Amino acid sequence: MSKRVGLEGSHAVAEAVRMADVDVIAAYPITPQTHIPERLAEMVADGELNAAYVPVESEHSALSACLGAAAVGARTFTATAGQGLELMHEVVYLASSMRYPVVMAVCNRALSAPLSVWGDHSDAMAVRDTGWIQVFCQNNQEAFDMTLWAFRVGEGPTVLLPVMVHLDGFHLSHVTEPVILPEQEDVERFLPRFRYPLPLHPDRPTTHGAFGPPEIYSEAKVAQEVATRKSKAVIMQGFQEFGDTFGRYYRPVELYRTDKAGTLLLTMGSFSETAKIAIDRKRKRGEPVGLISLRLWRPFPFEELREAVKDADVLIVFDRCISFGGPGGPVCSEVRSALYNAKKRPTVVGLIGGLGGRDMSVEDFEYVIDRGREMAAGGAEELYDVVGVRGPAAGIRG
Amino acid sequence: MSKERLKTGFDFTWKDMEVGNIVKEAGSAALRKTGDWRTQRPTIDKQRCNKCGLCWLHCPDAAIKPLDDEYYEADLFYCKGCGICAKVCPKDAITMEEEET
């Protein structure tokens, strides 16, 4: 029998890691991720989890230790946030290009300066192009589910890519919610033992991480890009089998009340749940609005996104990150780019909010929808607007 | 390992790449010709050489080969023409000659 328990997001992730029976954990504590390695270290010390816990001196070392362990075929896990992910940055690229299926939870946090331990998506967007499969969670159940799913997908014999599970710092990491924990035997059925195809072994010498001169680098990168895009099939299969095993079915793009919705709001992560209440309120007043939530961020779900927005007139994309001097919020500019050549597409407008832990209330999301429609009606001349910022209009135009 | 089996990066398409670009054959770096950008080549004068082996010891690329007759010669498959062997030779037995283009 599965059981329903109250868990904060961090502990939900730790439970998933324990049930996945990982071999090696290497992590360095950083707010708001601290409770994940803390709980895992406790599990290892108490004998609840038979794994090596490597207490490293930095995030750069944390992921490096995971790569070394993955190279000999270990199931590995790490977690970080904000500045920690930035310090880890060069190794983040190595994990994907050397094809080690490390799973990493990121408790999304703003980037300094000014110093902020609070949540937004700046850290996630800074590692957008690092070649990891990336998913965003809306609640603690998803934090548990996506962590388990991440091992299954990343370790797929045709995939062999690292997976990043994003959960909002504090809004999920530190909030207690009911989480359904499955039976261990169901987890083992869903998640077979990991077998790396060419592990480092003294009896069968192989070279991992050889240099790539100009005559081979392009070929290596194209092979990596093709593998990343092809992982989509295994991602979909993983969602399907997760649902078949545990009863909760997930999709790359989640839809909420999108039927006959002329205006769509697009969000990512835990703020999607707040936005749903705003949608409910507007629907009650007869306004035809709906919500799209991007779960899968990499590989980007082009097909599902185009299908989801094809009948809408206005698409309002809500970002929790600024691309300084760039074409708007990172999610908005990607969505706009993904739709640009579609025969029929909505007007795309961007709003940015929830930066550095600033809360977004239901009323704020109602404002986002109203403001977005106003921007679209005005010909979408503004590049984006920032919700709730004090002071005169910043007038940001392209 | 014979140098006739030499495969360079140009022989691979993106489809031939091992996962993670892992190299399965141990010691394959020996097959890579690293002496193809030399501008000068060392020539050893056996009349002057006293077989001391300093050239062999100092070569940063292990490109000086000991011969059966205890003399030495440069392995031009690897030699990059740095000239260290000529510099350290106490008998001035090694001279660097321009490679013809």
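Just one of the listed residues (A:R193, A:R152) is modelled with pLDDT under 95, away from every other protein chain (no Cβ under 14 Å) and closer than 30 Å to B:K24 by Cβ, namely A:R193. Taken over the range A:30-58, the criterion of being touching a His at 6+ places or on another chain (Cβ under 9 Å) and of a type in the set (D, E, K, R) is satisfied by A:R39 alone. If the condition is being in a loop (DSSP other than H, G, I, E, B) and out of contact with any helix residue (DSSP H, G or I) (no Cβ under 9 Å at 6 or more places or on another chain), then the range A:1-44 contributes only A:M1. Looking across the range A:196-207, the residues that are at the interface with chain B (Cβ under 8 Å from one of its Cβ atoms) and out of contact with any strand residue (DSSP E or B) (no Cβ under 6 Å at 6 or more places or on another chain) come down to A:P197, A:L198, A:P205, A:T206. Name the single residue, out of those in the range A:100-121 being over 18 Å from A:H174 (Cβ atoms) and surrounded by fewer than 24 Cβ atoms within 10 Å (Cβ to Cβ), that is nearest to the other protein chains (Cβ to nearest Cβ). Per the stated criteria, the residue is A:L111.
The residue list A:A227, A:A210, A:A223, A:A233 contains one member that is under 19 Å from A:V135 (Cβ atoms), among the small types (G, A, S) and within 9 Å of chain B (Cβ to nearest Cβ), which is A:A227. Of the residues making up the range B:42-97, those that are among the hydroxyl-bearing types (S, T, Y) and either exposed (fewer than 14 other Cβ atoms within 10 Å of the Cβ) or more than 26 Å from B:S28 (Cα to Cα) (or both) are B:T43, B:Y71, B:T95. When B:W14 is tested against (1) touching a Leu at 6+ places or on another chain (Cβ under 8 Å); (2) within 14 Å of another protein chain (Cβ to nearest Cβ); (3) at pLDDT 95 or above, only condition (1) is not met. Filtered by the rule that a residue be touching a helix residue (DSSP H, G or I) at 6+ places or on another chain (Cβ under 6 Å), among the hydrophobic types (A, V, I, L, M, F, W, C) and surrounded by 17 or more Cβ atoms within 10 Å (Cβ to Cβ), the range A:347-386 gives A:V348, A:V349, A:L351, A:M360, A:F365.
Does A:R298 fit the bill of being surrounded by fewer than 18 Cβ atoms within 10 Å (Cβ to Cβ) and at pLDDT 95 or above? No, not satisfied.
The values are calculated or read from the model by the stated rules, or taken from the named source; none is laboratory data. Every value quoted in this text rests on a predicted model; they were computed, and no experiment measured them. Because the Cβ atoms are built from the backbone with ideal geometry, glycine has one as well, and the counts that use them run over all protein chains shown.
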